[in-house]
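Trainee: Supplied in structure tokens, the structure appears directly below.
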Amino acid sequence: MKVGWRVMRQTPARLLWKFAWNFGWRSLKNMHAFKKRQKRGGAFFPAFNMISVTETCNLACRGCWVTAGGRKSLTLEQLDGIINESKRHGSYFFGILGGEPLMYKGLIDIFVKHSDCYFQLFTNGTLLDDNVAQQLRKAGNVTPLISIEGLEEESDRRRQRDEVYKRTLRGVKACRKAGLIFGVAASICQSNFNDLVTREHILRVAKEGAAYLWYYIYRPVGADANPENALTWEQIRQLRQFLVDERRNSPVVLIDVYWDDKGKAMCPGATGMSHHISPSGALEFCPVIQMATDFLNKDASNLSALYEHSKYLAGMRQQVAAATRGCILMEDPQLMAKIIAQYPVSETTTRATAMQEYTRMSHVPGHDMGDDAIPEKSGPYRWLKKNYFFGFGAYG
């Protein structure tokens, strides 16, 4: 209630209405429809799509799956088509990723055109100045999710650029000045654990005006995977306990996508709730597994047919769910590579080395805690997990 009151005070009424209707009500209806389709065995279409619009980025972060220097991008016609096809299935919410999506020309025009949708913009924040923030305010249907990968020294080291933390904070302040509903994200690894998995960081984010704080677990992928920075089993357990304890009285909404209401591990790709569309127009199981058998045509009008008939995506959902409730990439990358090799896949990256990266990856701890699962303590969040977003009835 405190978070809601603070957000209402700092956010224009039109933006609140867009959030409540486009994201809240329409997503609730969509989740219900998706659940019914899954139960009756209807034509498959995910509850929502994560869309990487471009590989292009102004940073070169260690452990990122996006190819440094890559230039692949969806066309505006394809992006428009993805959204139109999704709306036909009742899906009005989209995660917009990159690269750095603010380097994709025409993106805000797409937001404006699809005023009945809601978009979560995953950004490093360094290009999010007052002008961009005001454009997002005018669109009214976008929540920026700004990545902060550590405090000043760690951000610059991880991002491999100077003054990234300061530039990112300028983006945070621009969002608050424009009255946007925005969040802050963090990919938690060993090098930032002690700085970011703290009450102090929660308070810092709340003071800057963020409505929510999204915690990820670092996945060591890409050409510069840095697996030694992956969390230990004990750190994953501590992160889960921290989220459960702090969620009850946090001044921001604390979000994760790894555990259901009972604390059991889950994978959005394995449940079919979400798949990823890459800058090359490929339909991928998830953003970090950059292999595909199915590609969009020039206007994405084949999206529904691809989802319905994709043997690769259906096989991945079935076999990954049978292997683990957690993240197969982290727990058993060699098994993942064997599953992928059963299908006539193409790599979707510019660097063309992803399969070699998977086969030589070392196992690192994932988020499946087995019998040591820690259930949610927050009543409202437990209800959301069970009925609404990222976790509802995920494994029956």
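The values are calculated or read from the model by the stated rules, or taken from the named source; none is laboratory data. Here the structure is a predicted model, which is why all the values come from computation and not from measurement. Quick reminder, even Gly has a Cβ in these numbers, built from the backbone with ideal geometry, and neighbours come from all protein chains shown. Calculation scope for accessible area: heavy atoms of the full protein, side chains included, ligands and nucleic acids excluded. Shrake-Rupley method; radii C 1.70, N 1.55, O 1.52, S 1.80 Å.
Trainee: Given the options 59, 79, name the one that is at pLDDT 90 or above and either of a type in the set (A, V, I, L, M, F, W, C) or within 21 Å of the chain's Cα centre (by Cα) (or both).
Mentor: Result: 79 is the single residue among 59, 79 that is at pLDDT 90 or above and either of a type in the set (A, V, I, L, M, F, W, C) or within 21 Å of the chain's Cα centre (by Cα) (or both).
Trainee: Those residues that are open to solvent by 10 Å² or more (accessible area, probe 1.4 Å) and either closer than 21 Å to residue 76 by Cα or in contact with a helix residue (DSSP H, G or I) (Cβ under 6 Å, 6 or more places away or on another chain) (or both), I need them from segment 41-54; list them, please.
Mentor: 43, 44, 50 - these are the residues of segment 41-54 that are open to solvent by 10 Å² or more (accessible area, probe 1.4 Å) and either closer than 21 Å to residue 76 by Cα or in contact with a helix residue (DSSP H, G or I) (Cβ under 6 Å, 6 or more places away or on another chain) (or both).
Trainee: A follow-up question, please. Among the residues that make up segment 66-80, is at least one of them in a loop (DSSP other than H, G, I, E, B), closer than 23 Å to residue 316 by Cα, of a type outside the set (Lys, Arg) and open to solvent by less than 50 Å² (accessible area, probe 1.4 Å)? Full working, then the answer.
Mentor: If we filter segment 66-80 for residues that are in a loop (DSSP other than H, G, I, E, B), which is where we start, we get 66-72, 74-75.
Checking which are closer than 23 Å to residue 316 by Cα leaves us with 66.
Filter again for of a type outside the set (Lys, Arg), leaving 66.
Adding the requirement that they be open to solvent by less than 50 Å² (accessible area, probe 1.4 Å) leaves 66.
Yes, segment 66-80 contains at least one residue that is in a loop (DSSP other than H, G, I, E, B), closer than 23 Å to residue 316 by Cα, of a type outside the set (Lys, Arg) and open to solvent by less than 50 Å² (accessible area, probe 1.4 Å).
Trainee: A further question follows. Does residue 248 satisfy being within 25 Å of residue 384 (Cα to Cα), open to solvent by 20 Å² or more (accessible area, probe 1.4 Å) and not in a loop (DSSP other than H, G, I, E, B)? I'd like the intermediate steps shown before the answer.
Mentor: Details: within 25 Å of residue 384 (Cα to Cα): yes; open to solvent by 20 Å² or more (accessible area, probe 1.4 Å): yes; not in a loop (DSSP other than H, G, I, E, B): no.
Here the answer is no, as residue 248 does not meet what is asked.
Trainee: Could you tell me which of the residues 127, 196 is open to solvent by 50 Å² or more (accessible area, probe 1.4 Å) and aliphatic (A, V, I, L, M)?
Mentor: Going through 127, 196 in turn, just one is open to solvent by 50 Å² or more (accessible area, probe 1.4 Å) and aliphatic (A, V, I, L, M): 127.
Trainee: Filter segment 265-314 down to the residues that are assigned to a helix (DSSP H, G or I) and either farther than 18 Å from residue 217 by Cβ or among the aromatic types (Phe, Trp, Tyr) (or both) and list them by number.
Mentor: 303, 304, 305, 306, 307, 308, 309, 311, 312, 313, 314, listed by residue number.
Trainee: Would you say residue 26 is in a helix (DSSP H, G or I), in contact with a strand residue (DSSP E or B) (Cβ under 8 Å, 6 or more places away or on another chain), closer than 24 Å to residue 388 by Cα and modelled with pLDDT of 90 or more?
Mentor: So residue 26 passes the test.
Trainee: Might you let me know whether segment 145-159 holds any residue that is crowded, with 23+ Cβ neighbours inside 10 Å and hydrophobic (A, V, I, L, M, F, W, C)?
Mentor: yes
Trainee: Would you check if there is a residue in segment 317-337 being farther than 30 Å from residue 206 by Cβ, in a helix (DSSP H, G or I) and touching an Asp or Glu at 6+ places or on another chain (Cβ under 8 Å)?
Mentor: So far as segment 317-337 goes, yes, one or more of its residues are farther than 30 Å from residue 206 by Cβ, in a helix (DSSP H, G or I) and touching an Asp or Glu at 6+ places or on another chain (Cβ under 8 Å).
Trainee: Still on this model: Just give me the residues in segment 1-23 being farther than 15 Å from residue 211 by Cα and open to solvent by less than 30 Å² (accessible area, probe 1.4 Å), in sequence order.
Mentor: 22
Trainee: Going by what's in this entry, would residue 283 be described as over 27 Å from residue 86 (Cα atoms), open to solvent by less than 20 Å² (accessible area, probe 1.4 Å) and within 18 Å of the chain's Cα centre (by Cα)?
Mentor: In short, no.
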